[in-house]
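Dropping a structure here in structure tokens format, bear with me for questions.
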Amino acid sequence: MKKYSAKANAFYDADINPVIPADAVNVTDEEWMSLLSGQSSGLIIAADSDGRPVLKEYVLTDEEKSAQLDAKKRELRTIADDAIAPLQDAATLGIATDDESASLKAWMTYRVLLNRIDTKSVGTSEIIWPEQPV
């Protein structure tokens, strides 16, 4: 039989773990398999108020949310930079078509709007990402 320690947030088996924390509670094989199955589906195993293992959804910290949003912002910025570069070249050389000039303006506007997004104040509001030009 498996055991679960809420303090360590870990499972133990007497057959392989010579030392098991004093707070460990018995967990049936069925419970253990159900917990592992839920964990493989993206849930986390945590202790309930009685010290028993339960499945919970992982809630991102503000720092983790901010890091994810920063990564998305960098990815979108790279897409914009890649779209702008050849259009800017054509404009700089004075050979941009009307469509290229319009596209350059749209992509530059998009990039400015992206740069204005504050990914640090995650908790205060939902971010509305600007629409990418086509």
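The values are calculated or read from the model by the stated rules, or taken from the named source; none is laboratory data. These numbers come from a predicted model, not from an experiment. As a convention, Cβ positions derive from the backbone with ideal geometry for all residues, glycine included, and neighbour counts pool all protein chains shown. Note: areas computed on protein heavy atoms with side chains; ligands, DNA, RNA excluded. Shrake-Rupley method; radii C 1.70, N 1.55, O 1.52, S 1.80 Å.
Just a yes or no: is a residue in the range 77-87 touching a Ser or Thr at 6+ places or on another chain (Cβ under 6 Å), farther than 30 Å from Ser40 by Cα and surrounded by 12 or more Cβ atoms within 10 Å (Cβ to Cβ)?
Looking for residues that are touching a Ser or Thr at 6+ places or on another chain (Cβ under 6 Å), farther than 30 Å from Ser40 by Cα and surrounded by 12 or more Cβ atoms within 10 Å (Cβ to Cβ), one finds at least one in the range 77-87, hence yes.
Quick one: what pairs do we get from the range 28-49, first residue on the phi < 0 side of the Ramachandran plot and of a type in the set (S, T, N, Q), second surrounded by 13 or more Cβ atoms within 10 Å (Cβ to Cβ) and modelled with pLDDT of 95 or more, C-beta under 7 Å, 6+ apart or different chains?
Hits for this filter: Gln39/Ile45.
Here are some conditions: (1) assigned to a helix (DSSP H, G or I); (2) within 20 Å of Asp62 (Cα to Cα); (3) open to solvent by 80 Å² or more (accessible area, probe 1.4 Å). Asp118 meets all but one. Which one does it not meet?
(1)
If we scan the range 11-28, do we find a residue that is at pLDDT below 95, assigned to a helix (DSSP H, G or I) and out of contact with any helix residue (DSSP H, G or I) (no Cβ under 7 Å at 6 or more places or on another chain)?
No: zero hits.
Does Ala96 satisfy being surrounded by 13 or more Cβ atoms within 10 Å (Cβ to Cβ), among the aliphatic types (A, V, I, L, M), outside any helix (DSSP H, G or I) and over 34 Å from the mean Cα position of the chain (by Cα)?
yes
Moving on to the next point. What are the pairs with Cβ atoms under 7 angstrom where one residue, in the range 90-111, is among the charged types (D, E, K, R) and the other, located anywhere, is open to solvent by less than 60 Å² (accessible area, probe 1.4 Å)? Sequence gap at least six, or different chains.
Here the result reads Glu100/Leu87; Glu100/Ala90; Arg111/Ala80; Arg111/Ile84, each pair linking the range 90-111 to a residue that is open to solvent by less than 60 Å² (accessible area, probe 1.4 Å).
For (1) β-branched (Val, Ile, Thr); (2) open to solvent by 70 Å² or more (accessible area, probe 1.4 Å); (3) part of a loop (DSSP other than H, G, I, E, B); (4) in contact with a Ser or Thr (Cβ under 7 Å, 6 or more places away or on another chain), each residue gets a yes or a no:
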| position | (1), (2), (3), (4) |
| --- | --- |
| Lys72 | no, yes, no, no |
| Ser103 | no, no, no, no |
| Glu126 | no, yes, yes, no |
| Pro133 | no, no, yes, yes |
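Among the residues of the range 32-70, write down those that are open to solvent by less than 80 Å² (accessible area, probe 1.4 Å) and assigned to a helix (DSSP H, G or I).
Those that are open to solvent by less than 80 Å² (accessible area, probe 1.4 Å) and assigned to a helix (DSSP H, G or I): Trp32, Ser34, Leu35, Leu36, Ser37, Gly38, Glu64, Lys65, Ser66, Ala67, Leu69, Asp70.
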